[in-house]
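Derivation of every value follows stated rules applied to the coordinates shown; laboratory data play no part. Being a predicted model, the structure only gives us computed values, none of them experimental. Glycine also receives a Cβ, built like all others from the backbone with ideal geometry; neighbour counts cover every protein chain displayed.
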Amino acid sequence: MGAVIIGKKELKRQQILALDDPHCECIKYPGDKSLKERAAKKKILFGTAIRHPLLSTDKEYARSLIEECSILVSEWGFKWHVYPKPLRPTPQSFDFAAADVMYNFARSHGMKVRGHTLVWYMSLPPWFEKTVNRQNAKDILEKHINTVVGRYRGKMHSWDVVNEAIEPRDGHPNGLRKTPWLEFIGEDYIDLAFRLAHKADPEAMLVYNDYGLVYDRPQDEAKRHAVIKLLKRLKSQGTPIHALGLQAHLDGSETRFNHQILKDFLAQVANLGLKIMVTELDVTDKDLPLDIKVRDRIVAKAYSNYLKVVLEEPAVIAILTWGLNDKHSWLNEFQPRKDGASVRPLPLDAGGKRKFAWNAMARAFDTAPSR
Ligand code: 9MR
């Protein structure tokens, strides 16, 4: 599909079907009830990733978080090193200022908190490359997990202990991504991280989190296969892992979506005794038509299709989007539109108004099977 497409006849067949859907998400959805209330009726938490600096500067943003969410995660605050302040500025020191801003906001409004993320190959501090090696990697990881998880012991809903450890294209026999952790500690770094986190907070739900598990595409199939293999291995060796996190960065222009494949994958995860969380849901519109009504309907349909399958799986306990408001989506910087128009991947528009995507989520929660 080209970058800018104007006119329905140039859309893909599935997208035309989305636009002709009699249950079109553009019809005003009944009732004002928030997403968290609708989700709660099905015993599910709804929430989002937040940009903590906005809490003090954008009151409308803070208000919509309070209105819609029962659980929050910080987009930046718990990463080793990310804007605006690193959590671990030096190997010896930690700075919890950013993490605490989001934690305190969430708790003061009765919301649960997720921690993202303890072990990742990205967002590592500049000192990491110069300092970490085979001799000290375990100690540095241990200090990190003990300090960070220990500080919030008994207070967190869940931790993304290991993030994005699978990349079949890297050629490792078990599909592991080539990361400094793999290089310095070996493949047991994953098990080690979960054991350390469990020791530091025996009550927190511990999650393996990854992307690229949605579509009927060879790369997704390879990743699903490697993730299941990893989860089976961890379960069989007694690793304290409790849930799989599905990032779910969807693509509005991707039509290779197969309900049955996703359903079977979720059932496989559930059969291992694991819970499932959707941790980073959004829909990129970078290759969709410019027309906002058309674009929003296709984005909404992607939310509907995905959530319909996911909410049928009883092991699913939470749905979090990666941002709530289009103005503050990572996709503005990471996947901008070629025509320069603002991206519209989230449930609320840049002015904080509920969009078709919000309607799609509301309907998905309302029509989900009871638990
Ligand atoms: O949205 C996040 C962006 O603002 C950060 O700059 C980036 C690096 O820390 O991470 C983004 O969030 C990622 C998340 O942590 C893991 N899954 C993919 C997310 C989008 O890239």
Between Ser236 and Lys263, the two model label points (7 Å from Cα along the beta-carbon direction) sit apart by a distance in nm of 2.9
Under the helix-only model (-39500 (n - 2.57) for each DSSP H run of 4 or more, divided by the residues of the chain), the mean residue ellipticity at 222 nm, to 500 deg cm²/dmol, is -12000 deg cm²/dmol
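What's the ranking of 278-284, 99-105 by average number of surrounding C-beta atoms within 10 Å, highest first?
Numbers: 278-284: 26.0, 99-105: 19.1.
Final packing ranking: 278-284, 99-105.
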The rounded separation in angstrom of the Cα centers of region 101-153 and region 188-224 is 16
The helix 259-271 Cα axis meets the longest alpha-carbon principal axis of the chain at an angle in degrees, between 0 and 90 and rounded to 10, of 30
The size of the Cβ-based charge dipole (Lys, Arg +1; Asp, Glu -1) of region 321-371 about the Cα centre, to the nearest 20 debye, is 120
If one compares the long axis through the Cα atoms of helix 97-108 with the longest principal axis of the Cα atoms of the chain, the angle in degrees, nearest 10, works out at 60
Measuring from its Cα centre, region 290-334 shows a charge dipole (+1 at each Lys and Arg Cβ, -1 at each Asp and Glu Cβ) which, in debye to the nearest 20, is 180
Among Ile276, Leu290, Val343, the residue whose Cα sits farthest towards the positive end of the charge dipole of region 219-371, when +1 is placed on the Cβ of each Lys and Arg and -1 on the Cβ of each Asp and Glu, is Ile276
dims of region 238-371, Cα set, principal axes, largest to smallest, nearest Å -> 49, 31, 28
Within the set Pro180, Pro314, Pro126, GNM on the chain using Cα springs under 10 Å gives the largest fluctuation to Pro126
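Are there GluC sites (Glu not before Pro) in region 130-234 that DSSP marks as loop and that have at most 10 other Cβ atoms within 10 Å, and which are they?
Details: sites: Glu142, Glu164, Glu183, Glu187, Glu203, Glu221; in loops: Glu164, Glu187, Glu203.
Answer by residue number: Glu203.
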Once normalised by the length of region 250-346, the mean sequence separation of its alpha carbon contacts under 8 Å that are 6 or more apart gives a contact order in percent of 37
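When you have a sec, figure out the Kirkwood radius of the chain from all distinct Cα pair distances and drop it here in Å to one decimal?
Result for the chain, one decimal place: 21.1 Å.
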1/(1 + (r/R0)^6) with r = Cβ-Cβ of Gln219 and Phe334, R0 = 25 Å, i.e. FRET efficiency to nearest 0.05, evaluates to 0.85
Per the C-alpha gyration tensor (a ≥ b ≥ c, the square roots of its eigenvalues), region 178-228 is rounded if a/c is under 1.5, else prolate if a/b beats b/c, else oblate; here it's oblate
The answer for the per residue Cα convex hull volume of region 138-255, in Å³, is 108
Taking Cα atoms only, helix 137-151 is inclined relative to the longest principal axis of the chain by an angle, in degrees rounded to 10, of 70
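Suppose every K and R has +1 on its Cβ and every D and E has -1 on its Cβ; what is the size of the dipole of region 152-300 about the Cα centre, in Debye to the nearest 20? Each step should come with its number before you reach the end.
Working: 21 positive and 23 negative charges, 90 e Å.
Using Cβ point charges on Lys, Arg, Asp and Glu, region 152-300 gives about 440 debye.
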Mean-square fluctuation maximum in Gaussian network of the chain, Cα pairs under 10 Å, restricted to Leu346, Leu244, Leu182, hits Leu182
